[in-house]
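The values are calculated or read from the model by the stated rules, or taken from the named source; none is laboratory data. Please read all numbers here as calculations on a predicted model, not as lab measurements. Cβ atoms come from the backbone with ideal geometry, glycine included; neighbour counts cover every protein chain shown. The accessibility values were calculated without ligands, DNA or RNA, using every heavy atom of the protein model including side chains. Shrake-Rupley method; radii C 1.70, N 1.55, O 1.52, S 1.80 Å.
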2 protein chains.
Amino acid sequence: MNAVTFLSPVTEEIKLVEARMRAQADEAHPDLRAALEHLLSAGGKRVRPTLGLLVGNMLGAPLEKLVTLGAAVELLHTATLVHDDLIDGSLLRRGTPTLNARWSPPATVLTGDFLFARAAKLAAETDHLPLMKLFSDTLAIIVNGELTQMFTSRGLVNRENYYRRIYAKTASLFEMTSRAAAMVSPVDEDTIESMRDFGYQIGMAFQIVDDILDFTGDQNAVGKPLGSDLLNGLVTLPGIYYAEVNPSDPDVLSLPQGGWTNNENMTRLVEKIRASSCTKKAMLEADGHIDRALARLEDMPASAERDALENLAKYIVDRKV
Amino acid sequence: MNAVTFLSPVTEEIKLVEARMRAQADEAHPDLRAALEHLLSAGGKRVRPTLGLLVGNMLGAPLEKLVTLGAAVELLHTATLVHDDLIDGSLLRRGTPTLNARWSPPATVLTGDFLFARAAKLAAETDHLPLMKLFSDTLAIIVNGELTQMFTSRGLVNRENYYRRIYAKTASLFEMTSRAAAMVSPVDEDTIESMRDFGYQIGMAFQIVDDILDFTGDQNAVGKPLGSDLLNGLVTLPGIYYAEVNPSDPDVLSLPQGGWTNNENMTRLVEKIRASSCTKKAMLEADGHIDRALARLEDMPASAERDALENLAKYIVDRKV
């Protein structure tokens, strides 16, 4: 399974999405155009626009609306990354210098704002009011999630909190994209609900796998040190499983009291989690989401797009980066 | 002329706008609610929502849409102030500590983002797609203006650049508010265009007067040192007039070469501008905008709202803060 398998039916259309994204800076200041170019060329697999294009093409949506939606979603995603990197003080993302590393914090704040503005403008250009509302609701969910994460004490071991967090951080945008693509298609409410859930499920799986890769991934490919979440006080699903099985482990007990600031202890805890079956358990949970997503596809019309969505869902749990 | 004169017809309705703004944080984290409360209670005269309410009431718009529009506009304005204060490192605004002074920069970035998200959500709740587009266009204009200001070399003495800057910074939102209030009213395109121009003219006057008050205002009331714009390398209309009349003044000549960083020289230049007729000339220009705004009101239906709009326009040039 590789990215090509799910991208192939929309390879050409993704280029239209990229062009639409780039066009958003056409009238902006040259430095801002250069920044946007830098952000867009840093890549990523364009999973979100691909999801929207595949769902919409499968269901008969007009291409123009899907391209606009895809560009809006990816710009929104890019805007949140720009502000995230600033907030975390990250200097690299996917091995490429962040905007934050190259620019001043003020310029970075404003570039993120500019991308928000352009994403909202694109969403409005779909000429679809419910989609527009969904878009602004999702933006509010994402930002509120980040704020909650910032205010919630680090080192918290709490399953409910974790699910809410990854929904806000990741699944909400996948859910919105898939749902919105169905909303602009000539289909009934049941189909829209199926596609909403499809997006939700693969979005939850996507973030769980990201959190697993933080323990098991190739550090060079992921571009972060092993266990970086835990070293930042963020307890993800593998750690939660570990804490549930080992409630009296002193490193686990130390977490809510700020034990996550102790680098040596956390490196040891990361090793214990890696040596345990907890990353596998977490992966089973991600697989469960993917199974529910695949079940949603069964009632959809047989097509190259449906096959590609199946591959996209499977890719999310199979990927190594 | 005082604020009461133009506020009175909509005093009760402004309370509805305030309630709608506060409600945006209802489901948010308690710390965020407190931050929003702090921002809203810091006051301001709610000139923008008042403008929207007066125009819409005069033209027969549904109150509900005007309240939603007013809350959207004021939240958007608040969001830009939050990020501005962060960017400038300002610790006080209107004599009250900024969010930036009380919170960490990351929390401030995210609070601004949250306000953007909620403003967009409110704009969508007007159920009016052209208004929604106008809203996102205006956000893009504002942010692009801030970025351009950041990238443009400080100390620039350029009239065109100045007008573009104050349009993006201030007049665009006044223009949008007045135009949008007309758009949701049962009126023809000519009336919408008149009200767009009314908003544009008072917005341009508003910022010109702000820039004059930076030279002539009561420092305690304005909450900034005298000539603070020039000390930050920002040459506004009084300075542009002065430079046009005194092109070989060494302090003027030094500006584009970074002379604005010399505090002693700039304090002297501020004094020279204050002693000249340049602030008066700038005020005449603001008066011209207000005259054009008042002319736009002549064809509007006679009403308490029209009178209040007249007072609002006059207040903008008469105010001392």
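Taking the range B:124-157 only, how many residues are of a type in the set (G, A, S) and farther than 20 Å from B:Y200 by Cα?
Residues that pass the stated criteria total 3.
Could you go through the range B:48-58 and let me know if any residue there is without any contact (Cβ under 8 Å) to a residue 60 or more places away in the chain and among the charged types (D, E, K, R).
no
Quick one: how many residues across the range A:100-148 are more than 7 Å from every other protein chain (Cβ to nearest Cβ) and touching a Lys or Arg at 6+ places or on another chain (Cβ under 6 Å)?
Total meeting the criteria: 2.
Residues of the range A:196-248 being of a type in the set (S, T, Y) and under 18 Å from A:C278 (Cα atoms), which ones?
A:T216, A:S228, A:T236, A:Y241, A:Y242, A:S248
Answer with yes or no whether A:I316 is closer than 20 Å to A:S8 by Cβ, open to solvent by less than 20 Å² (accessible area, probe 1.4 Å) and assigned to a helix (DSSP H, G or I).
In short, yes.
Which one is most open to solvent (accessible area, probe 1.4 Å) among residues in the range A:22-45 that are under 18 Å from A:L110 (Cβ atoms) and under 21 Å from the mean Cα position of the chain (by Cα)?
By that ranking, first place goes to A:E37.
In the range B:18-47, what residues are part of a helix (DSSP H, G or I) and under 26 Å from B:K320 (Cβ atoms)? Give the steps one after another, and end with the answer.
Kept after step one, since they are part of a helix (DSSP H, G or I), are these residues of the range B:18-47: B:18-23, B:30-41, B:47.
Listed by number, the residues that qualify are B:E18, B:H38, B:L39, B:L40, B:S41, B:V47.
Residue by residue through the range B:157-177, note down the ones that are within 14 Å of another protein chain (Cβ to nearest Cβ) and over 30 Å from B:G56 (Cα atoms).
Scanning the range B:157-177 gives a single hit, B:N161.
Filter the range B:48-64 down to residues that are open to solvent by 10 Å² or more (accessible area, probe 1.4 Å) and part of a helix (DSSP H, G or I) and give me whichever is nearest to B:R306 (Cα to Cα).
B:M58
When residues of the range B:285-320 are filtered for being farther than 13 Å from B:T50 by Cα and touching a Leu at 6+ places or on another chain (Cβ under 7 Å), how many remain?
Of the residues in that region, 2 qualify.
Only one of A:D318, A:D229 is free of Cβ contacts under 8 Å to residues at least 60 places away in the same chain, within 17 Å of the chain's Cα centre (by Cα) and at negative phi; which?
Testing whether each residue is free of Cβ contacts under 8 Å to residues at least 60 places away in the same chain, within 17 Å of the chain's Cα centre (by Cα) and at negative phi leaves just A:D229.
Residue by residue, here is whether (1) part of a helix (DSSP H, G or I); (2) more than 15 Å from the chain's Cα centre (by Cα) holds:
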{"site": "B:M176", "(1), (2)": "yes, no"}
{"site": "B:A182", "(1), (2)": "yes, yes"}
{"site": "B:S185", "(1), (2)": "no, yes"}
{"site": "B:T191", "(1), (2)": "yes, yes"}
{"site": "B:R196", "(1), (2)": "yes, yes"}
{"site": "B:G199", "(1), (2)": "yes, no"}
{"site": "B:V209", "(1), (2)": "yes, no"}
{"site": "B:N220", "(1), (2)": "yes, yes"}
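Within the range B:112-153, track down each residue that is open to solvent by 10 Å² or more (accessible area, probe 1.4 Å), among the charged types (D, E, K, R) and closer than 21 Å to A:D113 by Cβ.
Result: B:R118, B:K121, B:K133, B:D137, B:E146.
Going residue by residue through the range B:163-179, is there one that turns out to be farther than 26 Å from A:V109 by Cα and either small (G, A, S) or open to solvent by less than 40 Å² (accessible area, probe 1.4 Å) (or both)?
First, the residues of the range B:163-179 that are farther than 26 Å from A:V109 by Cα: B:178-179.
Adding the requirement that they be either small (G, A, S) or open to solvent by less than 40 Å² (accessible area, probe 1.4 Å) (or both) leaves B:178.
Yes: one or more hits.
Could you list, in sequence order, the residues of the range B:251-268 that are free of Cβ contacts under 8 Å to residues at least 40 places away in the same chain and either in contact with a strand residue (DSSP E or B) (Cβ under 7 Å, 6 or more places away or on another chain) or not polar (S, T, N, Q) (or both)?
B:D251, B:L253, B:E264, B:M266, B:R268
Report every pair of residues separated by at least 6 positions or lying on different chains whose Cβ atoms are under 8 Å apart, first residue within the range A:116-139 and more than 21 Å from A:L16 (Cβ to Cβ), second open to solvent by 40 Å² or more (accessible area, probe 1.4 Å) and outside any helix (DSSP H, G or I).
A:L129/B:D127
Any residue in the range B:76-91 that is on the phi > 0 side of the Ramachandran plot and modelled with pLDDT of 80 or more?
No - not one qualifying residue is present in the range B:76-91.
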